[in-house]
Each structure stands twice: as structure tokens, then as C-alpha cells.
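Enquirer: Here's a structure for you.
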Amino acid sequence: MSDRFQHSLGIRHLVCGSCNGCEHEMNALSGPDYDITEDGWDLVASPRHADVVTVTGPMTNAMRIPAGRTLEAVPEPKIIIAIGDCAMGCGVFAGSTGAGMGAGVELGAEICVPGCPPTPAMIKAGLLRAAHCLDAHVDHAPVRERAVEPRT
């Protein structure tokens, strides 16, 4: 179990105004090629059951309050993962009228997965980093790690 998370991982996903490209790639994580359930990971409907919150999109005005409420409901320790360029504040919607700085930027994401959209393998690598950070936190180490390497 050296490179696997020692516990189950609940993942709550927030769509904060994305084009749904990142969501399509996240859906592949439930398929047979990337099956996250093999690792004991699951997408959860309630933020109260989540360990990790994934966010996509530039953060629309309509999502600011609901996103904040969702994060308040997630128990500590929690990790926020920004998925895609828009969530990192550098996507195609950056600087547009209805878009914010990026959901990950505004919500304080600890891990960033770049790409437009990132591949399912990159997203899974980001989730694995989050799992290791949570394991380290259980062992009383700090919970901070940044960025999945961009694809080449």
C-alpha cells in the first residue's frame, strides 16, 4: 500500500461555471480505464462526507455563495483541488465579465491540475497527491502541496 491512500477518499465536485470539458474528463475516472473505486475513492453527494473538494470553472457570481457554503460543510482536514486552466485563473474565460479569478484561486486550492481540459490520468494524479497529503496530515505532517506537473 505504499503508493495508495490508506483510507477511503470522499470527493465532492463543484462546477463553478466551466464549459464542462473538465467534467467530461472527470467522468472518465468512473470508467474501467481509470476506475477510482479500486482505490477506495468515491464521488459523494454531500459535502459532509467529503475529504476532497474538486472545483472547475472560472467562478461565476452565481456560484460564489453556494461554493462557500459547500466548503464550510466539509469537515477538516480537507483539500481543495483546482481542475483545469479556468479554475487556476488562466483559462479561456479569464478576464471575461461574468467570470472571477478562477474557482481554485478564489477558494484557496492546495493542489492544481493544469490543462484545458486535463487528462483523466492528470486528474487522478492530483487526487493521489491529495490522498497522500491527507495521509501525512493523519501522521501530523502539514497539508500543503502544489501543482500536478503539466503534460508535455
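Enquirer: Look through G102, G95, G68, G91 and report the one residue that is modelled with pLDDT under 90 and over 19 Å from E25 (Cα atoms).
Expert: Only one candidate passes the filter, namely G95.
Enquirer: Something else: On the basis of being farther than 17 Å from L128 by Cα, hydrophobic (A, V, I, L, M, F, W, C) and in contact (Cβ under 8 Å) with a residue 12 or more places away in the chain, does A73 make the cut?
Expert: Details: farther than 17 Å from L128 by Cα: yes; hydrophobic (A, V, I, L, M, F, W, C): yes; in contact (Cβ under 8 Å) with a residue 12 or more places away in the chain: yes.
Considered against the rule, which asks whether it is farther than 17 Å from L128 by Cα, hydrophobic (A, V, I, L, M, F, W, C) and in contact (Cβ under 8 Å) with a residue 12 or more places away in the chain, A73 comes out as yes.
The values are calculated or read from the model by the stated rules, or taken from the named source; none is laboratory data. Remember, predicted model here, so these are calculated numbers, not experimental data. Note that we place each Cβ from the backbone using ideal geometry, even for glycine, and neighbour counts take in every protein chain shown.
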